[in-house]
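Trainee: Below are the structure tokens for one structure; questions will follow.
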Amino acid sequence: MQENLSHCNSELISRYYDGELGQAERSRVESHILVCPSCNKILEDLKGISDQYGVHLTHQSVGIDTQETEKHVLDRLRREKAPWWAKAKDTFLSKKILFSATATAGVALLLIAVLQAPVPDSPSAIVTSVSGDVSSIIILEAPETRQTILWFNERPEGQGL
Amino acid sequence: MKIYRITLLCVIIVSILITQADEAWSGATINLNVKTILASQKPGRDDPNLERFTSGVKDVFGYSSYKLLSKDNLKLNQENSGRISLPGNRSMKITSKGISGDRVTLQVEMFKNNKQIFQTVVRLLNDSEVTVGGPKHEDGNLLINIFASF
């Protein structure tokens, strides 16, 4: 027959709750709790705290991507051991850098294309002034190439203005 | 969100650099390729060196043949002039007046016996050409094709 506990021991109850006691000790604590309201209260409090903690922990861990965290930790460990050239390679080939570089290169190419593209539907040359000792001047534009042509007829020799 | 901020920053910096570079290129040298061409009614084959030119102007002029008489290259900086000799005691002076936007401003003057007979100011697109024509020579007319790149 198991002997009951002679006095209250909160540490022993805590160990009981955590399942750390042997068969004999566990029986003693159980018998004591049945007759001791104070120790019963301690056990109930321990259960309450444990339940609350469990609920909170579950709530907090819902959003954690454990696989990503594991990968991050392993990557970091690998990088710490790797030589400098491997670290540099990892840095420049990382998704973040590649994303930024690709986006920037895309915008750069677009800007260059826009800035360098010839303006359609505009003549090759805009004539801002024309004059001379000539009898006539005609400004033409080649229909296909949009090339501007200035045609003038020279005044016959000896016929000034 | 950090990656998007970095990307946005890179895009802004590159955009500014490209825009500034485009303006900076505006101060670059202007390369002029000047072809002196004799257009005439004389039957003959077109000069193979003028294929691009003739394909553009054949519908405009009624000439039978186009012959390349000379080809000159001028490199001009801002406010620089270059001069080329033309047949019939003529010459052409081309002066760069600077680049504005996507066009270079050129003053083109033609002289005969050292006297200016014609002048024009044209604003020419990059990698494009303007042709000045009309002076009589031999049995046809001279066409001076100016191609500019900068």
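The values are calculated or read from the model by the stated rules, or taken from the named source; none is laboratory data. On a predicted model such as this, the values are computed, not experimentally measured, just so you know. Cβ placement follows ideal geometry from the backbone for every residue including glycine, while neighbour counts extend to all protein chains displayed. Note: areas computed on protein heavy atoms with side chains; ligands, DNA, RNA excluded. Shrake-Rupley method; radii C 1.70, N 1.55, O 1.52, S 1.80 Å.
Trainee: Quick one: A:C36 ticks every box in (1) surrounded by 12 or more Cβ atoms within 10 Å (Cβ to Cβ); (2) assigned by TED's automatic domain parsing to the domain that holds A:D90 except a single one, so which number is it?
Mentor: With respect to (1) surrounded by 12 or more Cβ atoms within 10 Å (Cβ to Cβ); (2) assigned by TED's automatic domain parsing to the domain that holds A:D90, A:C36 is out only on (2).
Trainee: Based on this model, can you work out whether B:T120 counts as within 19 Å of A:P143 (Cα to Cα), facing chain A (nearest Cβ under 7 Å), assigned to a strand (DSSP E or B) and among the hydroxyl-bearing types (S, T, Y)?
Mentor: So B:T120 does not fit the description; no.
Trainee: Determine if the range A:103-121 includes at least one residue that is loosely packed, with under 11 Cβ neighbours inside 10 Å, at the interface with chain B (Cβ under 10 Å from one of its Cβ atoms) and under 24 Å from the mean Cα position of the chain (by Cα).
Mentor: No, the range A:103-121 contains no residue that is loosely packed, with under 11 Cβ neighbours inside 10 Å, at the interface with chain B (Cβ under 10 Å from one of its Cβ atoms) and under 24 Å from the mean Cα position of the chain (by Cα).
Trainee: Hey, another quick one. Is one or more of the residues making up the range B:74-93 among the β-branched types (V, I, T), under 27 Å from A:E154 (Cβ atoms) and assigned to a strand (DSSP E or B)?
Mentor: yes
Trainee: Go through the range B:67-107 and report how many residues are over 17 Å from B:L124 (Cβ atoms), buried (at least 18 other Cβ atoms within 10 Å of the Cβ) and within 14 Å of another protein chain (Cβ to nearest Cβ).
Mentor: Result for the range B:67-107: 2.
Trainee: Could you list, ordered by first residue, the pairs with Cβ atoms under 7 Å in which the first is in the range A:17-33 and touching a residue at least 24 places away in the same chain (Cβ under 8 Å) and the second is in a helix (DSSP H, G or I), at least 6 apart or interchain?
Mentor: Qualifying pairs under 7 Å: A:Y17/A:L43; A:Y17/A:L46; A:V29/A:L12; A:V29/A:I13; A:V29/A:Y16; A:H32/A:C39.
Trainee: Here's a follow-up. Considering only the range B:50-63, state which residues are assigned to a loop (DSSP other than H, G, I, E, B) and loosely packed, with under 14 Cβ neighbours inside 10 Å.
Mentor: Result: B:D59, B:G62.
Trainee: Quick check on this structure: which one of A:S135, A:S131, A:S124 is touching a Ser or Thr at 6+ places or on another chain (Cβ under 6 Å) and either open to solvent by less than 90 Å² (accessible area, probe 1.4 Å) or more than 9 Å from chain B (Cβ to nearest Cβ) (or both)?
Mentor: A:S124
Trainee: Just give me the residues in the range B:128-142 being more than 7 Å from chain A (Cβ to nearest Cβ) and out of contact with any Leu (no Cβ under 8 Å at 6 or more places or on another chain), in sequence order.
Mentor: Selection gives B:D139 alone.
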